[in-house]
1. Place the peptides A:57-64, A:29-36 in order of packing, highest mean first, counting for every residue the other Cβ atoms within 10 Å and averaging per peptide.
2. Restricting things to alpha carbons, tell me how big the range A:237-319 is in terms of Rg and Dmax, in Å.
3. Please work out whether the range B:1-130 counts as rounded, prolate or oblate from its C-alpha gyration tensor, where a ≥ b ≥ c are the square roots of the eigenvalues and a/c under 1.5 means rounded, while otherwise a/b larger than b/c means prolate and anything else oblate?
4. Compute the semi-axes of the equivalent ellipsoid of the range B:48-120, taking the square root of 5 times each eigenvalue of the Cα gyration tensor, and list them largest first in whole Å.
5. Under a point-charge model restricted to the Cβ atoms of Lys and Arg (+1) and Asp and Glu (-1), what is the dipole moment magnitude of the range A:142-268 relative to its Cα centre, in debye to the nearest 20?
6. Using only Cα atoms, find the angle between the long axis of helix A:136-148 and the longest principal axis of chain A, and express it within 0 to 90 degrees, rounded to the nearest 10.
7. Tell me, what is the percent relative contact order of the range B:19-146, built from C-alpha pairs under 8 Å that lie six or more residues apart?
8. In percent, what relative contact order does chain A have, based on Cα pairs under 8 Å that are 6 or more apart in sequence?
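Throughout, read-outs are computed from the coordinates displayed, never taken from laboratory work. Given the structure is predicted, the values throughout are model-derived calculations rather than measurements. For neighbour counting, all protein chains shown are included, and Cβ atoms are generated from backbone atoms with ideal geometry for every residue, glycine included.
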Amino acid sequence: MRDVELVAVTKRYGSALAVDGIDLAIPEGSYTCLLGPSGCGKTSTLRMIAGHEMVSEGEILLAGRNVTTLPPAQRGTAMMFQSYALFPHLSARDNVAFGLRMRGVAKAERLRRADEFLDLVHLGPLADRLPAQLSGGQQQRVALARALITEPRVLLLDEPLSALDPFLRAKMREELKRLQRELGISFIHVTHSQEEAMALADLAVVMDHGRIVQAAPPRQIFERPASAFVARFIGGHNVLARGAQAISIRTDRCRLDDGAEGPRHHGHVRAVEYLGAAMRIVVVAEDGTEAEAMLPDSTPPIALGEAATLTWNAADEHALAA
Amino acid sequence: MPGRLGRMLLTVLFVAFVLFLYGPTLTIIVLSFQGENGGLTFPMNGVSVHWFGRLFEQQAVGDFGASISRSLLLAAMVTATTVVVSLAAGMAFRRRFPGSAWLFYLTIASLILPSLLVGLGIGLAFNRAEIDTNWWSSAFGAQLTWTLPFGLLIMLAVFNRFDRAWEEAARDLGASPWKSFWHVVLPIVAPSVIGIALFGFTLSFDEFARTLLTAGVDNTLPLEILGMTTTVTTPVLYALGTASTALSFAVIGVALLALWRAKARREAR
């Protein structure tokens, strides 16, 4: 059984094509990240699954049921908005209880359930606060509890971590993954951060110009990017030409010339960045092609402008589709 | 930071401004407590509340009681209509619809047109159609040409800052459009709606130029006062001014109190 299935889904805004006939199958109880640069159609796709955007063409199936024309609340999805969209006039508890209130659950019962879900996101003690009295991270937990209380089969998250500071982001990332595993439902998470997708996703869906360019587990995407776009977008790769053929080589597989056999990239050093665990250098060739390498932090210092040659094993090269 | 001299000049300017703004009103309030034998001007001939008592008696010329009730009722009608229509229009104007730009300019135009001309036009139109002008029909409409554009402009500003995701979240959680309006939109914009109500009330209560030629035979309070300034020669007029000012402040005070209590109740939960 698949939790979500998109069949040739297209979205047009007037004459502009936002999503161009995409097909996608999301397995049951999985964590999926829709990943891509801004304007790639990932948010439109999420909003169409949620039912907040009508599909121009194609069909959306949830757990085998065609929901293409159903209103959001009848789909079995719940959405967490980028701005959180907490109701500013309601306390955290009333915000979380809102979905049950709309379903006519009696007051005592729905407040009890709301407290349970607030405990689930570790916010029990702050149940009486108004959203304005909560920090960004706390507001996000309320939004999460509010979406989960409707017991959705699929939780849709629109850039959920983008408003948080880096420390909180990493923590919240773990928390999302933990919740997804514990609840056993599917999460679909829109992000423009490849790091987030790598860390979270069972299935990463890379999108560009309204199309899916690669949908695979993160490891597969990183080891075998489908195109130069994917290789560049997920980072950690050099994209170089081999005659007519484009190849990618991971920057952590590149090293300074040590005399061993292998392809080479000659040039001079344009940037040196000490990153703690590693050192990143960028080498620009005569013809302007750039390649970078992640070197061990034990590498002896290199000066800017110095001549340098990168090398790697030919077996580590990955041929890219045109 | 301005220098000493600059700061002194600014202080003088500010005091002059405040005097200019409130001086006349204060003069009238002081004079309304004129003694029983006092006249329309200073000096005060004793102090009394005699003229406030006289407000409720039969006047030689003019009728306070009836004109005040008319003005209050009219203000209530105008307030209710302004609130409902501008809230609905504010919601509608969030998305473009055929003719929305024209409708907007048309609405704003009635704010720019000279008020006296608007009144004259409405009066003439009723006249041509051989319908009697009345405070509750033609004057009601004339006042709406004043309060509705104001209400709409405020609502546009409010909805400009309104996060659409709130409504989407409500829909996502199973609210019907009506429930989402009632439980989410209305509580969030409520302070502005109360503001529009206050605004509409005060605009209507002392509206003059548009009402002058549209009120028909029965006067509203401002028209009655105008009529009396030329004929009444006692401080009862000042007492009326003080009483109606107090009424306006009372309305605003009650509204602020209601807002404050609603906020306190929400935070107490």
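1. A:29-36, A:57-64
2. Every Cα atom of the range A:237-319 included, Rg and Dmax give 12.1, 37 Å.
3. oblate
4. 41, 16, 9
5. Dipole of the range A:142-268, to the nearest 20 debye: 200 debye.
6. The helix A:136-148 is inclined about 60 degrees to chain A.
7. 16 percent
8. In percent, rounded to a whole number, it is 17.
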